[in-house]
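The values are calculated or read from the model by the stated rules, or taken from the named source; none is laboratory data. Keep in mind the model is a prediction, meaning the values are calculated, not measured. Cβ coordinates were reconstructed from backbone atoms using ideal geometry, including for glycine residues, and neighbour counts include every protein chain displayed. For the accessible areas, the whole protein counts, side chains as well, though only heavy atoms, and no ligand, DNA or RNA atoms are used. Shrake-Rupley method; radii C 1.70, N 1.55, O 1.52, S 1.80 Å.
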Amino acid sequence: MDYQQALDYLYSFIAGQQGASRPPPMMNLVRTRALLAALGNPHHAMPSVIIAGTKGKGSTAALLEAIVRAAGLRTGLWTSPHLHTYRERIQVNRTPMTRDELVRAVESIQPVIESMMSGPVGAPVTFAIGFALALRYFAEHAVDLAILEVGVGGRFDSAAVVTPILSVITPISYDHMDLLGDTLAQIAWEKAGIMKPGVPVISAPQHPEARETLIRCAAEIGAPLYFVRDTLAPSAIQDDHSIGAWPIPAGQGLDIEPQQRFLFDIAPSLPGVFQKVNARLATGAALLLRDAGLPIADDAIARGLADARWPGRMEIIDGAPPIVLDGAHNGESMRQLVQSLRCLFPNRRYVVVFGASRDKDLERMLPELAPAVDALVLTASRHPRALVALDELRQRFIPLVREGVTIDIVLDPAEALAHARAYATDDDLICVTGSLFIVAAAREALGLAQERD
């Protein structure tokens, strides 16, 4: 088996595509448990943190991983989706597994998968197989902490089979509504599925509807729940559930001594106003991990925040004009992207390259983006889920943009970026957004991808 054959084998189990059926949600957990058991339950070999949420999961995971690694601990990082190569999903100390390692891992797991296919449980989907490969890889490399990002939801995601030492919930908003529900309460209930009895949970600031759901779910199972705020204002002390950036319990009637935990400003290396919330969440998570016994000092938190990297999320490419790459793909993410652009690049014209997946909530995305656009280039990735009806997309944008804004269609993302660069002046800003697939294509066109699958 060569590398491409290994990838083809993994992708042959994608649910809902290429004729593969999507299993009932509970069956994903049954099959993931069976697969992990057949591999010797590698998740029992190391402590872990599970991160769920709608926005900021990857950024929070990257920030927390950098903090833990700065403390001298060996880290395992499981994230999705990837930008350029599948191996980005499985990293030890931020180094992806090699091609040869992935081939060997797939070859070794293939007999297990085929045995499950003919058994009563059935074969796991691609995501669960990759998740199991990651856990076994982390166990083989004796990581001190595995940081596991949930794929979709939480309650029925493969990560839910793991009992972590800490659960983390990033901001919750509308996404994957066909799977998770169309209210914030329903979506929050799905995210709350990563909570475990007695295991601390720390959450970003949430919309009241989501917040109350998380408090209720945590109380029902007896999980200590903490919130962080997105401000350090003294008035935050009046909040019953959170004090400044300190995580304190919510919903359980517990108490925590407000130690002098923040003797330095939280200054993440990742730009964007939304990254400040992710940085405070990662910091709060690091403090709870320290309470659990991990040797994470304040200077490790500061160094980790300063050194973290997460390409494709408010990634700034210096130049004339500068280029911002951001995979915002729901309404709230788009709102925060526009807010960040206006904060970091005021008084510029915004030339936007936009492409989306067809299952995304354009009803919320387009009204957030359109008022900020001075010129628009619509494009589509080669991914099977790409929105390719660009003429229809253009018609949806027309009533939302200002009069006189040009809207061009360029099918190829690399050519769309070139079109935007030819159109823009040195004083403008180019932003590529709407989908990580479009961002990945732009990074490849800019020579920022060292390799790709």
>> If LYS360 satisfies all but one of (1) among the charged types (D, E, K, R); (2) in contact with a His (Cβ under 7 Å, 6 or more places away or on another chain); (3) closer than 20 Å to ARG421 by Cα, what's the number of the condition it fails?
In response: (3)
> What do you reckon, is ALA192 modelled with pLDDT of 95 or more, on the phi < 0 side of the Ramachandran plot and not basic (Lys, Arg)?
Replying inline: yes
>> Being surrounded by fewer than 22 Cβ atoms within 10 Å (Cβ to Cβ) and closer than 25 Å to THR170 by Cα narrows it down to one residue among ARG33, ARG74; which is it?
In response: ARG74
> Would you call VAL338 open to solvent by less than 60 Å² (accessible area, probe 1.4 Å), out of contact with any Phe, Trp or Tyr (no Cβ under 6 Å at 6 or more places or on another chain), in a helix (DSSP H, G or I) and touching a residue at least 12 places away in the same chain (Cβ under 8 Å)?
Replying inline: yes
> From the list VAL377, VAL352, which one is out of contact with any helix residue (DSSP H, G or I) (no Cβ under 6 Å at 6 or more places or on another chain), closer than 24 Å to ASP391 by Cα and crowded, with 17+ Cβ neighbours inside 10 Å?
Replying inline: VAL352
> In segment 77-112, which residue that is of a type in the set (Val, Ile, Thr) and in contact with a strand residue (DSSP E or B) (Cβ under 9 Å, 6 or more places away or on another chain) is surrounded by the most Cβ atoms within 10 Å (Cβ to Cβ)?
Replying inline: ILE90
>> Looking at PRO399, PRO384, can you tell me which residue is of a type outside the set (Lys, Arg), at pLDDT below 95 and exposed (fewer than 14 other Cβ atoms within 10 Å of the Cβ)?
In response: PRO384
>> Filter segment 288-304 down to the residues that are under 23 Å from the mean Cα position of the chain (by Cα) and either farther than 16 Å from ASP144 by Cα or surrounded by 23 or more Cβ atoms within 10 Å (Cβ to Cβ) (or both) and list them by number.
In response: LEU289, ILE301, ALA302, ARG303, GLY304
> Among the residues of segment 152-169, how many are at pLDDT 95 or above and either of a type in the set (A, V, I, L, M) or outside any helix (DSSP H, G or I) (or both)?
Replying inline: 11
>> Consider segment 196-231. How many of its residues are among the small types (Gly, Ala, Ser) and buried (at least 19 other Cβ atoms within 10 Å of the Cβ)?
In response: 5
>> Give me the residue from segment 170-189 that is of a type outside the set (A, V, I, L, M, F, W, C) and within 17 Å of the chain's Cα centre (by Cα) and, out of that set, modelled with the lowest pLDDT.
In response: HIS176
> Being touching a residue at least 40 places away in the same chain (Cβ under 8 Å) and among the acidic types (Asp, Glu), is that true of even one residue in segment 428-445?
Replying inline: yes
>> I'd like the residue in segment 74-133 that is outside any helix (DSSP H, G or I) and farther than 30 Å from ALA441 by Cβ and, out of all such residues, is nearest to the chain's Cα centre (by Cα).
In response: ARG74
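Rundown of residues vs (1) touching a Cys at 6+ places or on another chain (Cβ under 9 Å); (2) buried (at least 17 other Cβ atoms within 10 Å of the Cβ); (3) not in a helix (DSSP H, G or I), yes/no style:
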| residue | (1), (2), (3) |
| --- | --- |
| ALA15 | no, no, yes |
| HIS44 | no, no, no |
| VAL49 | no, yes, yes |
| GLU65 | no, yes, no |
>> It is to be established whether one or more residues within segment 347-355 are without any contact (Cβ under 8 Å) to a residue 40 or more places away in the chain, under 18 Å from HIS419 (Cα atoms) and not charged (D, E, K, R).
In response: no
> Which one is modelled with the lowest pLDDT, of the residues in segment 418-452 that are farther than 22 Å from GLN336 by Cα, touching a helix residue (DSSP H, G or I) at 6+ places or on another chain (Cβ under 8 Å) and surrounded by 14 or more Cβ atoms within 10 Å (Cβ to Cβ)?
Replying inline: ALA449
